Amino acid sequence: MLWTIPALVAIAIASLGAHGGSLAQAAFFESVRRALTPAAAQSLTMAGAPQAAVSAAVEEPAAAPPTPPPPAAGAADATPPAVGLERSAEKDAADEKAWRARMDAAREALDRDQVLLDAMQSRINALTTDVIARDDPAQKALLEKQRLRALDELKRLTAQVAGDQKAIADVEEDARKQGIPPGWIR
């Protein structure tokens, strides 16, 4: 019996490729396919449904959706759910704007302080070159004094950049803890 199924399928496929085929051949191949396909394990009928559900589905037309109960006394000032959803969407949009503004401000502060840090480093490099190139001791002392002040400012700016980076990390951590979508703070 097991060898007949593959043989029938092979014959059916070979005969399809041999010539165009007619409606009779298509019907024959469909009957072969149905014979080879296993029967469904369970069919969806109303036979297994409870009798009350069957009679209700057959005899009664579709009922109208239930009407909501009237508002209780004192609930006249309650807002409908649709308005609450709109307010929630507006609140979410405002929250998103606030988070974006907070992150943008932190990034702008970091960018500004980074530019100042780079400029101060360039100033220090130029003063160092001038100190080395000068022969006059008075001019050399004045340039060295300026270079030391610039080095102090460089330390302050370095601390400020580190603080800005920490502020960005803090905003990201706050957003993570509060379940804010990552797209809001990118």
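The values are calculated or read from the model by the stated rules, or taken from the named source; none is laboratory data. Since the model is a prediction, treat every value here as computed from it, not as a measurement. Every residue, glycine among them, receives a Cβ derived from its backbone with ideal geometry; neighbour counts consider all protein chains shown.
What to note about this one:
- Scanning the range 106-123 for residues that are closer than 14 Å to E172 by Cβ and hydrophobic (A, V, I, L, M, F, W, C) yields A106, L110.
- Only one entry of A98, A126 meets the criterion of being within 44 Å of the chain's Cα centre (by Cα), surrounded by 11 or more Cβ atoms within 10 Å (Cβ to Cβ) and part of a helix (DSSP H, G or I), and that entry is A98.
- Pairs meeting the criteria (first residue in the range 116-140 and free of Cβ contacts under 8 Å to residues at least 60 places away in the same chain, second residue assigned to a helix (DSSP H, G or I) and among the basic types (K, R), beta carbons under 8 Å, at least 6 apart or on different chains) are I124/R147; L127/R147; T128/R147; V131/K140; V131/R147; R134/K140.
- Taking the range 158-186 as the range and being among the β-branched types (V, I, T) and under 19 Å from the mean Cα position of the chain (by Cα) as the test, the residues that pass are V171, I180, I185.
- Exactly one residue out of E90, E108 is surrounded by fewer than 13 Cβ atoms within 10 Å (Cβ to Cβ), in a helix (DSSP H, G or I), at pLDDT below 65 and not aliphatic (A, V, I, L, M): that is E90.
- Members of the range 129-168 found to be basic (K, R) and not in a helix (DSSP H, G or I), listed by number: R134
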